[in-house]
1. From the list VAL135, VAL122, exactly one residue is more than 22 Å from the chain's Cα centre (by Cα), at pLDDT 90 or above and over 24 Å from ALA214 (Cβ atoms). Which is it?
2. GLU247: under 20 Å from the mean Cα position of the chain (by Cα) and buried (at least 19 other Cβ atoms within 10 Å of the Cβ), yes or no?
3. If we only count strands (runs of 3 or more DSSP E) wholly inside region 147-249, which ones have 1 or more residues that are among the small types (Gly, Ala, Ser) and closer than 20 Å to GLU126 by Cα?
4. Provide a single number: the residues in region 16-41 that are in contact with a helix residue (DSSP H, G or I) (Cβ under 8 Å, 6 or more places away or on another chain) and either part of a loop (DSSP other than H, G, I, E, B) or over 24 Å from ALA66 (Cβ atoms) (or both).
5. For region 166-176, which positions are over 14 Å from THR136 (Cβ atoms) and modelled with pLDDT of 90 or more?
6. For region 21-46, how many residues are in contact (Cβ under 8 Å) with a residue 12 or more places away in the chain and either not assigned by TED's automatic domain parsing to the domain that holds ALA66 or not charged (D, E, K, R) (or both)?
7. Is region 19-36 home to any residue that is of a type in the set (Ser, Thr, Tyr) and surrounded by 16 or more Cβ atoms within 10 Å (Cβ to Cβ)?
Amino acid sequence: MADRLTIGEFSRITHLSIRMLRRYHEQDLLVPAEVDPDTGYRYYSPAQIRPALTVRRFRDLDLPLADLRRFLAAESADGPDDGTAQQVVAAHLRRLEDRLGRTQRAVEVLRELLDPEAERAVTLEELPARRVLAVTLDVPEGAGLDWYDEAMCDVDSAAGERSVLPPGGRYEHTLFTEGHGRATVYVPFEAPLPPEMPGRVRELHLPRRTAAVATHQGRHDDLDLTYGAVGSFAARNDLRSQDLVEEVYLVGPRDTDRPELWRTLVAWLIAPENG
């Protein structure tokens, strides 16, 4: 093989179009070994074949240009390997695996939605009264989930020890319909109240309450399907909502890092006159 390949020859060997090779050059991803100053012709070396194919694969996998440049710079560096190239690849593989997981879950949910026989089980139940330690707050529009983590941290700190009963939350429907609203995060607490509690933690007594209830299994990506099931049950049975939904985290991230084991009780609270 010649030591100098024209762009046409290099294109035939790598199956990269001449247009794509020119773009890689413009993006500083694959600079020709030589560019004739008079004609502007690009020439490549045989040693660039493998890097060219690598660049193509990474672009096929949507590796951002900045990350690809970091990878190529690390690969071509003369100094000791500092692990940068491996870090770039590992981070992108994690992103791809996460995207693949989301796609697979979306496909599973879509199959359920398209199956007229698939219906999540809903029952009308009465939830027991509970004494809880709770934080109630107004969640602003555009907030992430930090408010939940911070509230649960305060409640756990006030409780001092892990409750044998699972934690939960009560959420106004406006949190979902308008993106903001009131939320209460709680942990059942049967022991005497601690002498000092974080300023926003309060003792609450949740009364017995009637709800359309379903147990959601697994990740929360498709929690909307369970909400749809309990809401549909209430509508079909002409049960007026309290405009509150309660979630009880029977098994969750604080119990296991295996999302397939998570269990969340979703309770669509029914107005007392329906009980």
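1. Being more than 22 Å from the chain's Cα centre (by Cα), at pLDDT 90 or above and over 24 Å from ALA214 (Cβ atoms) holds for just one of VAL135, VAL122, which is VAL135.
2. yes
3. Hits in region 147-249: 168-172, 209-217.
4. Here the count works out to 11.
5. Matches in region 166-176: PRO166, PRO167, HIS173, THR174.
6. Adding up the residues that qualify gives 13.
7. Yes, that holds for at least one residue.
Here's the yes/no breakdown for (1) surrounded by fewer than 20 Cβ atoms within 10 Å (Cβ to Cβ); (2) of a type in the set (D, E, K, R); (3) farther than 18 Å from THR136 by Cα:
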position: HIS180; (1), (2), (3): yes, no, no
position: THR184; (1), (2), (3): no, no, no
position: MET197; (1), (2), (3): yes, no, no
position: HIS216; (1), (2), (3): no, no, yes
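The values are calculated or read from the model by the stated rules, or taken from the named source; none is laboratory data. Keep in mind that what you see is a predicted model, and the values were worked out from it rather than measured. All Cβ positions, even for glycine, are placed from backbone atoms using ideal geometry, and neighbour counts span all protein chains on display.
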